[in-house]
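**Q** Take this structure, written in structure tokens, and hold onto it; I'll ask about it next.
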Amino acid sequence: MKKPKKLDRKSSRFLHTQLKDILLTQLRDRTLKPGDKLPSEEQLSKNYKVNRATIRRALRDLIQAGLVYRIPATGTFVSDPRAMDAEFIRVGKGATNVAWLMKTERSFVLGPFHTEMFDTANLELRKLRYQLVFFSVDEPSDPREITEKISRKDFAGVIMVGWMDPSLIRALLQKGIPSILLD
């Protein structure tokens with residue numbers, strides 16, 4: 001990455017907006033290409049002499065625009081929207097819904113982490129014209145019944161959150177339903 005452009009601290013524009021614009025320019029001029037890892041928040045903070053909250057705000061705006069994505073404990077990467085669209089079209093076979101399976105029993109604690117995860121998945125899927133549909137999975141539940149419901153509704157895939165019965169995961173995979181387990 002080139003020597004960073006300086007932020008104009010005398011400008012009436014917020015620093016996070018200026019930083020976002022600098023990163024956008026680097027995306028446009030292909031200094032940052034799809035798949036490239038962005039410098040860490042700490043490194044960006046040092047380069048631009050701003051606090052990490054400012055860095056996070058700029059990155060959040062880019063994430064919401066679908067231009068970059070974050071992998072926890074790994075980093076932030078430049079998105080390739082064409083590859084993402086092609087993968088969803090290939091996997092989805094025309095379906096426009098994605099199932100979100102989550103336990104709702106009392107022993108499962110639902111916190112802000114789960115809400116943020118759902119909101120982020122929903123936002124990203126909506127950009128691709130998919131709809132996230134919430135399914136409550138109570139114990140005990142029949143994996144075949146859940147799998148049949150999802151099959152009948154022609155879902156493009158399933159996102160499971162928390163511990164799930166292994167027989168449910170096997171049943172989904174045997175039906176050829178793309179599945180992700182977030183634990």
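**Q** Return yes or no: is THR25 surrounded by fewer than 14 Cβ atoms within 10 Å (Cβ to Cβ), part of a helix (DSSP H, G or I) and without any contact (Cβ under 8 Å) to a residue 40 or more places away in the chain?
**A** Here the answer is yes, as THR25 does meet what is asked.
**Q** Kindly indicate whether PHE155 is in contact (Cβ under 8 Å) with a residue 40 or more places away in the chain, in contact with a strand residue (DSSP E or B) (Cβ under 6 Å, 6 or more places away or on another chain) and within 10 Å of VAL98 (Cα to Cα).
**A** yes
**Q** Return the only residue of VAL137, VAL158 being modelled with pLDDT under 85 and touching a Ser or Thr at 6+ places or on another chain (Cβ under 9 Å).
**A** That would be VAL137, the only listed residue that is modelled with pLDDT under 85 and touching a Ser or Thr at 6+ places or on another chain (Cβ under 9 Å).
**Q** Another one. Output the residue which, of all residues in region 105-131 that are modelled with pLDDT of 80 or more and surrounded by 15 or more Cβ atoms within 10 Å (Cβ to Cβ), is farthest from GLY162 (Cα to Cα).
**A** The residue in question is TYR130.
**Q** Moving on to the next point. Would you point out the residue of region 28-50, among those that are surrounded by 15 or more Cβ atoms within 10 Å (Cβ to Cβ) and charged (D, E, K, R), that is modelled with the lowest pLDDT?
**A** Among residues in region 28-50 that are surrounded by 15 or more Cβ atoms within 10 Å (Cβ to Cβ) and charged (D, E, K, R), the one modelled with the lowest pLDDT is ASP36.
**Q** Quick check on region 158-182: of everything there that is part of a loop (DSSP other than H, G, I, E, B) and touching a strand residue (DSSP E or B) at 6+ places or on another chain (Cβ under 8 Å), which residue is surrounded by the fewest Cβ atoms within 10 Å (Cβ to Cβ)?
**A** Among those that are part of a loop (DSSP other than H, G, I, E, B) and touching a strand residue (DSSP E or B) at 6+ places or on another chain (Cβ under 8 Å), it is TRP163.
**Q** Considering only residues that are touching a residue at least 12 places away in the same chain (Cβ under 8 Å) and either within 13 Å of the chain's Cα centre (by Cα) or part of a helix (DSSP H, G or I) (or both), which ones fall in region 123-150?
**A** LEU123, GLU124, LEU125, LYS127, LEU128, LEU132, PRO143, ARG144, ILE146, THR147, LYS149, ILE150 - these are the residues of region 123-150 that are touching a residue at least 12 places away in the same chain (Cβ under 8 Å) and either within 13 Å of the chain's Cα centre (by Cα) or part of a helix (DSSP H, G or I) (or both).
**Q** Among ILE63, ILE22, ILE55, which is among the β-branched types (Val, Ile, Thr), in contact with an Asp or Glu (Cβ under 6 Å, 6 or more places away or on another chain) and outside the structural domain of ALA121 (by TED's automatic domain parsing)?
**A** ILE55
The values are calculated or read from the model by the stated rules, or taken from the named source; none is laboratory data. Everything quoted here is computed from the prediction, not taken from an experiment. Note that each Cβ is placed from the backbone with ideal geometry, even for glycine, and that neighbours are counted across all protein chains shown.
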